[in-house]
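Here the structure is laid out as C-alpha cells; the discussion comes afterwards.
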Amino acid sequence: MQWPAQSSTEKVRYRKRLNRLLGTTPVVGVRVKACASLDPECTSPFAEGDTSAAGDIILDIPRHFRGYLHVPVGPDSFKDMAPTLLPIYPPPEKDSDLAVEPAAGTVPFLVSLAELNYLLGQVGTSTDPNLGHVLGLTTDCTGTPAAGVSLRASARDPKTLQYYYEGNGTPSITAQESDSTGNAGFLNFPAGVISMETQVPAIARKAGSYSVLVKKGWVTVIDLVPTP
C-alpha cells in the first residue's frame, strides 16, 4: 500500500501554523514557498505566501503533494532564524479545516541560531557548517505526539548525534526511543536526500518511511507520521 500519486490537476488548500520553539509564539510575516522534493533550491515553487498574525501559512498546492515548505529567511522580528525545510507529511488529500485549531504539541517550530547552538551544546557538541540538522516529531495517526518510537536513518556522518527528549524536557543521546513529547532527531547530519524510518520496538513493527531533504547549515523539521 502507498499514498496516492500527486495530482497534476487537482489542488487543495493547505495550512500549517509556524511557531517559535521558545515561548511557542507565532512566527508572523515569514515568506514560505511550497517546493517539489527534487527542487532543493526551490527555483520553481508551486505556491508561496507569508504567514498570518496567527503564524498560519495557507497555500493552494497539488492534491497529494510530494514536497516541502522552504523557509530560508526569517522576518524582521526573527532575523536570527535558522533556515528551515518542512517536509509535508502526510501528503494532503483534502483542504485543511481552517476552523479547527492545530492541536497542542503538533505545531512545527522554527528555531533561532542561538537556540540551535544551545541544543547542540546540551548534547556536548557544536555545529558543523557542512552538515545539517533533522528535528522530528513522532506522532500517531491522529497527529498526536507518540512515545515509544525509535528513529533510524540510511546515512550518518562521524559527527552525527542522534537524540530523543526525555521526561525532563531535555535532549538525550543515550535514550533509545521517544518520550511523550515525541521529539527526536539528528544533529550534524549529512546533506542530501536521506531515507529514514520509524519503528515501535515494543511490538517490533515499522511505523513509517520517509525521504528527507537535508541541506548544509539548514534545519529540517519533520512530522514523523505513520506511513503506508
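So here's what we get for this one:
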item: Sole exception among (1) open to solvent by less than 20 Å² (accessible area, probe 1.4 Å); (2) under 11 Å from His133 (Cβ atoms) for Lys215, by number; result: (1)
item: Residue selected from region 139-156 under the condition part of a loop (DSSP other than H, G, I, E, B) and of a type in the set (A, V, I, L, M, F, W, C), by the criterion nearest to Pro190 (Cα to Cα); result: Ala155
item: Of all residues in region 157-174 being assigned to a loop (DSSP other than H, G, I, E, B) and modelled with pLDDT under 95, the one that is most open to solvent (accessible area, probe 1.4 Å); result: Asn168
item: Residue within region 122-138 that is of a type in the set (Gly, Ala, Ser), open to solvent by 40 Å² or more (accessible area, probe 1.4 Å), closer than 26 Å to Lys33 by Cα and assigned to a loop (DSSP other than H, G, I, E, B) present; result: no
item: Sole exception among (1) closer than 26 Å to Phe78 by Cα; (2) open to solvent by less than 60 Å² (accessible area, probe 1.4 Å) for Thr24, by number; result: (2)
item: Among residues of region 32-48, those that are open to solvent by less than 10 Å² (accessible area, probe 1.4 Å), under 11 Å from Tyr14 (Cβ atoms) and not β-branched (Val, Ile, Thr), counted; result: 1
item: Looking only at region 62-113, and only at residues there that are among the small types (Gly, Ala, Ser) and assigned to a loop (DSSP other than H, G, I, E, B), the one that is least open to solvent (accessible area, probe 1.4 Å); result: Ala82
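The values are calculated or read from the model by the stated rules, or taken from the named source; none is laboratory data. All values reported here derive from a predicted model rather than from experimental measurement. Counting neighbours? That spans all protein chains shown, and the Cβs are built from the backbone with ideal geometry, glycine included. SASA here: full protein model, heavy atoms, side chains in, ligands and nucleic acids out. Shrake-Rupley method; radii C 1.70, N 1.55, O 1.52, S 1.80 Å.
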